[in-house]
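For reference, the structure is listed below as structure tokens.
What follows is calculated from the coordinates using simple rules that are stated; it is not laboratory data. Given the structure is predicted, the values throughout are model-derived calculations rather than measurements. Using ideal geometry, Cβ is built from the backbone for each residue, glycine included, and neighbour counts are taken over all protein chains shown.
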Amino acid sequence: MENRRHLKCILICSLTAVTIIIIYLSEISEPFSAPLARKFSTSKSSVSSSAVDPGPYHVAYPRNYKFIMDETPTCKTTTPFLIVIIPVAPNEEATRNAIRNTWGKEKVVLDQLVETLFIIGLPGGHDAEQQQEKLKQENERHHDLIQSNFQDSYHNLTIKTMLMLEWLVQHCAEASFVLKVDSDVLLNVKNLVELLLDPNTAKQNYMTGLVWWHSPVLRNPFNKFYMPKYVIPESEYPPYPLGMAYVMSLDLPRKILDVSPQIKAIFIEDAYLGMCLKRLGISPTDPPEETMFLVNPQHPLSSCSLSKVIAVMTTDISQMQRYWWMIRRGARCPDLSGSQEHFGHRVSPLSIFGL
Ligand SMILES: *[C@@H]1O[C@H](CO)[C@@H](O)[C@H](O)[C@H]1NC(C)=O
């Protein structure tokens with residue numbers, strides 16, 4: 001009995017000590033792994049500084065990445081009003097097909113041309129070559145993949161976003177808006193186009209979505225979005241629309257790219273765009289209705305909710321398809337004046353991090 005209690009105490013004490021050490025080390029002015037990394041990488045010291053691993057919280061951007069798959073006619077032979085770009089992992093073909101067969105196939109909406117593209121990096125793993133071959137075949141069928149030569153990974157999402165902006169600057173100067181949307185999101189294309197056509201919607205310096213005005217910099221080292229003080233000393237990020245779905249006017253990609261070399265890229269892509277916007281002195285805009293961008297709503301959504309939404313996070317492909325069909329068949333609110341349909345509460349963005 002005594003012994004067991006002793007053991008328990010030792011365990012708890014050492015766990016506490018380790019936690020304190022981790023927190024301490026990550027708060028001090030330099031990542032503790034950096035001196036070690038330097039020690040063991042002297043052979044690489046001749047490589048130009050831009051090629052050095054930027055550490056766990058930054059990503060290697062700006063750098064000269066190339067587009068290795070880029071045969072889409074979009075913006076080359078067409079002038080879309082709205083370009084929708086979806087970052088996906090190379091192996092997510094089923095998701096891409098689901099989008100191609102639902103909201104992704106709505107090409108002319110309210111007389112405006114809408115085109116949908118997917119952006120990917122290099123596949124990894126033991127079957128990378130086969131994956132690449134499959135991607136080529138997929139692109140021969142659909143001509144809607146843009147691929148660049150960086151390693152596709154969650155930690156590299158900021159690189160993907162910045163390359164999306166580079167691609168737009170190179171090809172789509174004539175288009176009006178771009179929407180970046182995650183692959184698990186249902187898009188109500190008509191509502192989006194309607195918003196963008198609205199005379200009250202700015203045509204320049206415009207970025208909207210579910211704007212997070214006071215996003216805390218998370219200091220818990222066990223959180224996926226942990227960010228130590230030596231990287232971001234401020235306690236809040238500048239305001240930014242959540243990465244699940246944001247729209248910008250097509251003057252912004254150029255402007256954001258112009259300031260990005262001054263701001264070291266962090267791996268949280270949406271927060272990084274917020275940092276670039278702040279440097280530009282541009283503020284994101286709240287959407288006119290709270291019901292337009294929904295993150296983690298209470299499912300299932302009613303026909304009424306779906307009729308008001310622009311982008312909503314779904315839990316799986318089949319739910320996304322179901323919702324799209326509901327919209328397609330004519331989602332609407334009950335026509336009884338005075339009746340109040342209960343609308344799923346918009347959840348605080350914090351709740352998606354379990355806070
Ligand atoms: C991100 O991409 C760069 C360039 O391809 C690569 O060197 C790095 O290893 C990638 N990082 C991760 C975590 O995949």
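Here residue 138 clears all of (1) over 16 Å from the mean Cα position of the chain (by Cα); (2) acidic (Asp, Glu); (3) within 14 Å of the ligand (Cβ to nearest atom) except the condition numbered (3). Between a residue in region 52-75 that is in a loop (DSSP other than H, G, I, E, B) and any residue that is within 12 Å of the ligand (Cβ to nearest atom) and charged (D, E, K, R), which pairs come within a Cβ distance under 9 Å, given they are 6 or more apart or on different chains? The qualifying pairs are 60/53. Just to be sure before I move on: is residue 161 among the hydroxyl-bearing types (Ser, Thr, Tyr) and either under 26 Å from residue 322 (Cβ atoms) or more than 16 Å from the ligand (Cβ to nearest atom) (or both) in the structure I sent? It is false that residue 161 is among the hydroxyl-bearing types (Ser, Thr, Tyr) and either under 26 Å from residue 322 (Cβ atoms) or more than 16 Å from the ligand (Cβ to nearest atom) (or both). With the structure loaded, tell me whether residue 146 is touching a Phe, Trp or Tyr at 6+ places or on another chain (Cβ under 8 Å) and free of Cβ contacts under 8 Å to residues at least 60 places away in the same chain or whether it fails that test. In short, no. Can you confirm whether residue 179 is within 13 Å of the chain's Cα centre (by Cα) and surrounded by fewer than 21 Cβ atoms within 10 Å (Cβ to Cβ)? Criteria not met by residue 179. Please work out if residue 191 is more than 16 Å from the ligand (Cβ to nearest atom), over 28 Å from residue 53 (Cβ atoms) and more than 17 Å from the chain's Cα centre (by Cα). So residue 191 passes the test.
With respect to residue 258, is the statement that it is without any contact (Cβ under 8 Å) to a residue 12 or more places away in the chain and either surrounded by 14 or more Cβ atoms within 10 Å (Cβ to Cβ) or within 30 Å of residue 159 (Cβ to Cβ) (or both) true? Yes.
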